Structures are given as structure tokens and as C-alpha cells.
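First up is the structure itself, then whatever we jot down about it.
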Amino acid sequence: MKQTKIAGIGELLWDVLPDSEQLGGAPINFAYHVSALGAEAVAISTIGNDSRGNIALKELQNRGVNTSYISVLEQFSTGYVTASVDDKGIATYEFPDDVAWDHLAINSAAQQCSAELKAICFGTLAQRSDSARLTIQHYLETTSAKTIKVCDLNLRQNFYSRTTIETSLKLSTVLKLNDDELTFVSSLFLLDGAEHEQLDALRKYFDLELVILTKGSNGSILITESEISRHQG
């Protein structure tokens, strides 16, 4: 029986590709991988009462993700992002405004489980609306002091601000970001030095237990107070 309960909170959306649609959203993907690793995975999001929402629930259930914590709103559609690729192979993404996850609602099941969570993952994309941002930040504050709070920064287009980034990091115990995001955040907070020095400065400034830099095919860097771990890819 699964004992450890771990949640992803934020955007549930469909990646609409030229020839298919794939269920996504960083917190939802996180929950799926958590389930695959053997923990009880919880997805906290909001969908519309539509075909995409219904299919999403069935697909998540088939993947072993508990969907009892997903709210349904009649007046908004389930989120999606349209992806297109140009002649040079560069992808662009269009996020429709005012979809269900912009009105993220915490149902009674999600309220009751907040203190039980071993860990929870969130990002900045789902905080693009004032309503969802306040809901996510308040929910994080209701979790236990022992809950590991993972911020997958996930900066997209103009759906973030310095305040959102700063507040999110203050609420976190773990930060995950990529090369481009490190460049942006280092400029934002005036961090100098090599990559590992910038990462350690972030760790110290926001009192984080762990900072993770993903570098695509070039591997990753993980930094704690006492250790630096590098994976060469």
C-alpha cells in the first residue's frame, strides 16, 4: 500500500500539437512520475466540464494519479497550449487566457490532505492570474513545516514577475531551474560568478535545502549546504 503522499499543484493542460494532443502541465507531469516511482501521487488543479477535462481525468487515473483533488468548473474550459514549429525547427507556444486553471480551486479533499503531504511541486506559470497565485501561495502555507516544497520555476513568456518569483522561492525548500532561467534569475537578483556560485547564492539567499540546475544534454548540477553533485549528461 502506498504511504507517501506527494502532490503537484497548478496547471493541467493539453499540449495541442499539429498531429496530436498530449496531456501535460509541469505539476501534473511531476505527479505522474511520482506515481511511477511508487508514492501516492496527488494532482491538484482545476478543469472544465468538457471533453478534454473528462479525458484528462481518465488518463491520470490510468497512470495511477489520484484525481479526487481536481476541481471542475462549468464556466471555464480545460487548459491547453497550442504548439507550432517553424521551418528552422523552433517551437512557439500560445496559451489561451482565462481557462480553468487560471481559477484554481481547492476542494475539500485537497484542503484535508495539505498537512499530510510529504512533498508538493509548483511553478510560476499557474500563478499568472491573481486568483490562482493567491490560491497556490495560501495552500503552500497550509502544508506542514516538514513538507518539502519544490519550486519548478518554469518561466513562460510574460507569465511571471519579480514578486511572483521571489515569493515562490521564499515558500520553497527546493528550487529546480534550467540554464536560461538561471541567467534570468541571476540578472534579477544581481548574482555574479560561475554557475555553481550563482546557484549557491540562490540557496543561501532563500534558505533553500537544495538547488537543481538542469542543463539538457549537458547534464545537471545539484547543490546543498554541504555538497555539489555534477552529472555530465
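The values are calculated or read from the model by the stated rules, or taken from the named source; none is laboratory data. Values in this document were obtained by computation on a predicted structure and should not be read as measured data. Because the Cβ atoms are built from the backbone with ideal geometry, glycine has one as well, and the counts that use them run over all protein chains shown.
List of remarks:
- Residue selected from the range 80-121 under the condition assigned to a strand (DSSP E or B) and among the β-branched types (Val, Ile, Thr), by the criterion farthest from ILE70 (Cα to Cα): VAL85
Residue-by-condition table, conditions (1) under 14 Å from ILE9 (Cβ atoms); (2) crowded, with 17+ Cβ neighbours inside 10 Å; (3) under 16 Å from the mean Cα position of the chain (by Cα):
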residue	(1), (2), (3)
ILE70	yes, yes, yes
GLN75	no, no, no
ASP86	no, no, no
ASP130	no, no, no
THR135	yes, yes, yes
GLU141	yes, no, no
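- Evaluation of ASP192 against the conditions (1) touching a residue at least 12 places away in the same chain (Cβ under 8 Å); (2) among the charged types (D, E, K, R); (3) farther than 21 Å from VAL34 by Cα shows that the sole unmet condition is (1).
- Single condition ILE6 does not satisfy, out of (1) touching a Leu at 6+ places or on another chain (Cβ under 7 Å); (2) surrounded by 24 or more Cβ atoms within 10 Å (Cβ to Cβ): (2)
- Verdict on ILE148 being among the aliphatic types (A, V, I, L, M), more than 20 Å from PHE95 (Cα to Cα), assigned by TED's automatic domain parsing to the domain that holds ASN107 and crowded, with 20+ Cβ neighbours inside 10 Å: no
- Any pair with Cβ under 8 angstrom, 6 or more apart, that starts in the range 211-230 at a residue that is under 12 Å from LYS176 (Cα atoms) and not assigned by TED's automatic domain parsing to the domain that holds GLU195 and ends at one that is exposed (fewer than 14 other Cβ atoms within 10 Å of the Cβ) and of a type in the set (S, T, N, Q): none
- Failed condition for ASN66, given (1) surrounded by fewer than 17 Cβ atoms within 10 Å (Cβ to Cβ); (2) under 18 Å from the mean Cα position of the chain (by Cα): (1)
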